[in-house]
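I have placed the structure first, in the form of structure tokens, so that the comments after it can refer back to it.
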Amino acid sequence: MYKKAANCYRVQEFDKHMRNLSIASENGAYKKLLDADPTRWARCKCPIHRYEFMTSNCAECLNGRLRWARRLPVCTLLECVRTLVGQWFHDRRRDALARTHVLTKMAATKVLKSVDEGQTMNVQPISATKFKVTHGMKHYTVDLVGRKCSCLVFNLDLIPCPHAAATISKVNKHVYSYVWSFYTTENLRGIYSGEVMAIAHPDDWDVPFGPHLEVVSVALCALVVNKQVTTEPHVPKTFPSCKFLKLVVAMLTKR
């Protein structure tokens, strides 16, 4: 029931699933989900587009992959992050360059499914831009100019739903032209066109040096050493980080 509530597109369906969950919940799951704020986990409650909503999944994926590296020293952890992100960019850039379809694999699969399901639907014009789509005993309204459908799938995913696909076919338009440009292969190539460069050896760094930078570099070195020392058992703290940071801020302020 939680997955149904999280993935549904309409608020009415969300309320229905949440009511069922409140009845079946015995360990306070219903209250915990409400306390977690549905705008953070429910599709129909999310105030922004789905492509922005999906970025939280990427962050969770990165946290999971770096679970084993969290106990490493800070510099080693950063190098693990750089290596992992660099490999991801390389693999996805290679796949994007090799793809010849105008849409990404995920978007193309959804569009094809919508076209197949829309073939059995009946489309009737309401105006020059709005259409009534009948599927079984249910009726939906599609607005091609506003790129909206009363099922809200077209509105939120920005990919034609089966009702929109049936309408687009009715007016002899190409369904790909109604897919948001974010899902194009060209845009995917642009996303992964960047390069994650390796970090040079500290001896090769060209870093300007001055009074302010000297204080900051000493502070960073102290914090790194303090972090590494305190992670080892039975080793006393070498640098009181809070007091040291206050000292650094005071020195920078005086300058």
Query - Those trypsin sites (Lys or Arg not before Pro) in the stretch 92-150 that DSSP places in a loop and that have at most 16 other beta carbons within 10 Å - result: 99, 147
**Report entry** Fully extended contour minus Cα-Cα distance, from residue 171 to residue 87, at 0.36 nm per residue
**Finding:** 25.8 nm
Report summary line: For the residue 95, residue 13 Cβ pair and Förster radius 41 Å, calculated FRET efficiency rounded to 0.05 is 0.75
Query raised in the report: According to the square roots a ≥ b ≥ c of the eigenvalues of the Cα gyration tensor, what is the shape class of the stretch 80-129, taking rounded for a/c under 1.5, prolate for a/b larger than b/c otherwise, and oblate for the remainder?
Result: prolate
Requested in this report: Could you pull out the pairs from 16/130; 3/32; 4/45; 4/105; 113/170 whose alpha carbons sit more than 22 Å apart here?
Outcome: 16/130; 4/105
Report summary line: Note on the stretch 1-133: alpha-carbon gyration tensor, axes a ≥ b ≥ c; rule is a/c under 1.5 for rounded, else prolate if a/b larger than b/c, else oblate; result oblate
Requested in this report: Can you work out the accessible area per residue across the stretch 60-186, with the rest of the protein chains kept in place, probe 1.4 Å, in square angstrom?
Outcome: 62 Å²
Query raised in the report: Which FRET efficiency value, to the nearest 0.05, is calculated for residue 72 and residue 35 with the Förster distance at 41 angstrom and r the Cβ-Cβ distance?
Result: 0.75
Report task. Quote to one decimal, in nm, the extra length available between residue 115 and residue 181 on full extension: 0.36 nm per residue of separation minus the C-alpha distance between them. Result -> 21.9 nm
Query - Heavy-atom accessible surface of the stretch 51-192: percent carbon and sulfur, 1.4 Å - result: 58 percent
**Report entry** Chain lengthening between residue 105 and residue 20 when straightened (0.36 nm per residue, less Cα-Cα)
**Finding:** 27.1 nm
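The values are calculated or read from the model by the stated rules, or taken from the named source; none is laboratory data. Treat the numbers as computed from the prediction; the structure is a model and nothing was measured. We place every Cβ from the backbone using ideal geometry, glycine too, and count neighbours over all the protein chains shown. Keep in mind that these areas ignore ligands, DNA and RNA; they rest on the heavy atoms of the full protein, side chains included. Shrake-Rupley method; radii C 1.70, N 1.55, O 1.52, S 1.80 Å.
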